[in-house]
Amino acid sequence: MKIISSRNRHLPKDVLDNYVDAFLKRRELFLKSADRFGAPQYFFDAPAFALQIASFKEAFSRHLDKCRIFYAMKSNHFIGICRKAVSEGLGLDVSGGVELSKALDLACKQIVFSGPGKTDDELRYVVQNRDRVTLLMDSFGELRRVSNILKKNAIGNNGPLKAGVRIQQQNQWSKFGIPLKHLPNFLKEAGDSPGLALFGIQFHTSWNLDPSAQVHMIHRIGEVIQNKIPSDLRKAFRFLDIGGGFWPEQGEWLNPQNTMKGRILEILNPEYRRKKSHYYLRGRPIDFFAKKIGEAIQQQGPPLSDLEIYLEPGRWVSTPAMHILLKIIDKKDDKTIITDGGINLLGWERPLTEYIPLINVSRPSLKERSVKVYGSLCTPHDIWGMSVFGETVKEGDILLVPDQGAYTYSLRQSFIKPIAKVVQYDEKGIHEVIKENVY
Ligand SMILES: Cc1ncc(COP(=O)(O)O)c(C=O)c1O
């Protein structure tokens, strides 16, 4: 019980209040956007995204000698976000042919293509665009398929296909990459494939509240490179790609039913769910990640410390890049309201797991009131939350669902109601993005 309570801490009220207050300070902007473009809407907050990219870059350039950042498009593939990432000097990390086509259309010059289950069409597409794309291979099968494709293509002016190989994190993640012990054989086989230049190693660990998983992988890979890879093969390495998986510093905010303690309390008292108790798992600042990763690489020494470090952040940079605006369409009673957008805007039942503060920007207050906030879909699981920050709630009020940039827009579903429009807020003000896929 002690372990449970120490992992799942109560979210401190001042942390929550400061968080909500920062959005209330910008309420006029959100109200103006809802008034001009209607609800529901995705609100792309370009300045917030740019700031996040700048903080990420700054942290890693402070602790690493050479690094390159690729924005993981899967976390939010809205074209305005991807365009902004490129204009801020980032490369793009793509995981499928559609993402690759968008990245190429954006004239992005640095692209990594990673992910399991790449099709032959996707591999051919990579080969055709090898002047801009580095292939991060996921298996021996993929290596053989791409080698066959390369055999049929003249190497020509674009030179060989630049590639890396992904290393498996642990056995339960066997879906991704190759086991580390197979790296020497993989390098040998890749070396025998004409037209392929394998010069990097990749790993990715997910949902890291702190850098321990990344540090562990750096040491594992460093030791194998030192002890098991012949020096002539080692010389070929140019980069180590440490993937993404950086959890935002605010940590993971949870509803009581998603903590062990909350579940037990709810069994004892079913009304517990309605109490406004929020939990969180602590996250570490990005500078701490950068520092520990930098130290681990230095500790390994050459050749690892001579490599350029590639990073593929998604969630960390895209979380504050997009918010959702909803309108209260129906107030059934003081404790039950319906909004004009369902959680299909998020693509998954995120509010059932995570605590997301809902902010009534029409009637601002730091008071959190108990009220069930449902979406408009015909399912009881379509619920945004059990409380709202605001003086009260009335029909026509605008609710802000903040920081919904990561793994929501990309996963959004068309179900019953049309997909919401995107409004972009940037140096030109607020404007609706009508044709998202035209640039
Ligand atoms: C290979 C790879 N890189 C980067 C990312 C982005 O991860 P995150 O959004 O957690 O930073 C993912 C996410 O699944 C991934 O699989």
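Just so it is clear, none of the values below were taken in a lab; they were calculated from the coordinates. If you're wondering where the values come from, they're calculated on a predicted model, not measured in any experiment. In this analysis, Cβ positions are derived from the backbone assuming ideal geometry, glycine residues included, and neighbour counts consider all displayed protein chains.
What does the extension gain come out to for Ser277 and Trp207, with contour length at 0.36 nm per residue minus their alpha carbon separation?
My answer for the length gained is 22.9 nm.
Name the residue from Gly117, Ile229, Ala22 whose Cα lies farthest towards the positive end of the charge dipole of the chain, charges +1 on Cβ of Lys and Arg and -1 on Cβ of Asp and Glu.
Ile229
I need the calculated FRET efficiency for the pair Asn258 and Arg144, taking r as the beta carbon distance and R₀ as 56 Å, to the nearest 0.05.
0.85
With charges set only on the Cβ (+1 for Lys and Arg, -1 for Asp and Glu), what does the dipole of the chain come to about its Cα centre, in debye to the nearest 20?
520 debye
Could you list Ile111, Ile419 so that the one with the fewest beta carbons within 10 Å of its beta carbon is first and the one with the most is last? If you can, show how the numbers build up before the last one.
Values: Ile111 22, Ile419 15.
Taking fewest neighbouring Cβ atoms as first place, the list is Ile419, Ile111.
Give the cross-link partners of Lys57 among the lysines, using a straight C-alpha distance below 21 Å as the criterion and excluding same-chain residues fewer than 8 apart.
Partners found: Lys66, Lys74, Lys84, Lys109, Lys291, Lys292.
Setting aside same-chain residues fewer than 8 positions from Lys152, which lysines have a Cα under 23 Å from its Cα?
Straight-line reach from Lys152, under 23 Å: Lys118, Lys162, Lys188.
List the lysines whose alpha-carbon lies under 24 Å from that of Lys372, not counting same-chain residues fewer than 8 positions away?
Lys13, Lys261, Lys275, Lys276, Lys327, Lys331, Lys332, Lys335, Lys394, Lys417
What are the ³J(HN,Hα) values, in whole Hz, obtained from phi via the Karplus relation 6.51 cos²θ - 1.76 cosθ + 1.60 with θ = phi - 60°, for each residue of the stretch 311-320 in sequence order, with x given for Gly and Pro?
Coupling constants for the stretch 311-320: 10, 10, x, x, 3, 4, 8, 8, 3, x Hz.
Of Ile337, Pro303, Ala406, which is farthest towards the positive pole of the chain's charge dipole, taken about the Cα centre with +1 and -1 on the beta-carbons of Lys, Arg and Asp, Glu respectively?
With unit charges placed on the Cβ atoms, the residue in question is Pro303.
Which shape class applies to the chain: rounded if a/c is under 1.5, otherwise prolate when a/b exceeds b/c and oblate if not, where a ≥ b ≥ c are the square roots of the Cα gyration tensor eigenvalues?
prolate
For the chain, what are the DSSP H helices with axial Cα length of 20 Å or more and mean Kyte-Doolittle hydropathy of at least -1.0? Intermediate results must be reported in sequence, preceding the final value.
Numbers: long enough: 46-63 (26 Å, 0.22); 212-228 (23 Å, -0.26); 286-300 (21 Å, -0.20).
Both cut-offs are met by 46-63, 212-228, 286-300.
If packing is taken as the mean number of other Cβ atoms within 10 Å per residue, what is the order of 71-84, 248-261, highest first?
By packing density, highest mean first, the sequence is 71-84, 248-261.
Counting helices only, and only those DSSP H runs with n ≥ 4, report the 222 nm mean residue ellipticity of the chain as the sum of -39,500 (n - 2.57) divided by its residues, in deg cm²/dmol to the nearest 500.
Estimated from H runs of four or more residues: -10000 deg cm²/dmol.
How big is the antiparallel share of DSSP beta bridges in the chain, given as a percent to the nearest 5?
Details: 31 of 69 bridges.
Antiparallel bridges: around 45 percent, rounded to the nearest 5.
Can you give me the C-alpha center-to-center distance between the stretch 11-49 and the stretch 72-109, rounded to a whole angstrom?
25 Å
According to the square roots a ≥ b ≥ c of the eigenvalues of the Cα gyration tensor, what is the shape class of the stretch 1-108, taking rounded for a/c under 1.5, prolate for a/b larger than b/c otherwise, and oblate for the remainder?
oblate
Normalised by the number of residues in the chain, what is the relative contact order in percent for Cα pairs under 8 Å and 6+ residues apart? Each step should come with its number before you reach the end.
On the way: 893 pairs, mean separation 93.1, N = 439.
About 21 percent, as a whole number.
Magnitude of the Cβ-charge dipole of the stretch 341-439, K/R +1 and D/E -1, about the Cα centre, nearest 20 debye? Walk me through the intermediate numbers first.
On the way: 11 positive and 12 negative charges, 40 e Å.
Roughly 200 debye, rounded to the nearest 20.
For the stretch 327-332, what does the Karplus curve 6.51 cos²θ - 1.76 cosθ + 1.60, with θ = phi - 60°, yield as ³J(HN,Hα) per residue in whole Hz, taken in order and with x for Gly and Pro?
Karplus values, whole Hz, x for Gly and Pro: 10, 6, 9, 8, 10, 7.
Classify the stretch 325-397 as rounded, prolate or oblate from the Cα gyration tensor: take a ≥ b ≥ c as the square roots of its eigenvalues, call it rounded if a/c is under 1.5, otherwise prolate when a/b beats b/c and oblate if not.
Judged from the Cα gyration tensor, the stretch 325-397 comes out prolate (a/c at least 1.5, a/b above b/c).
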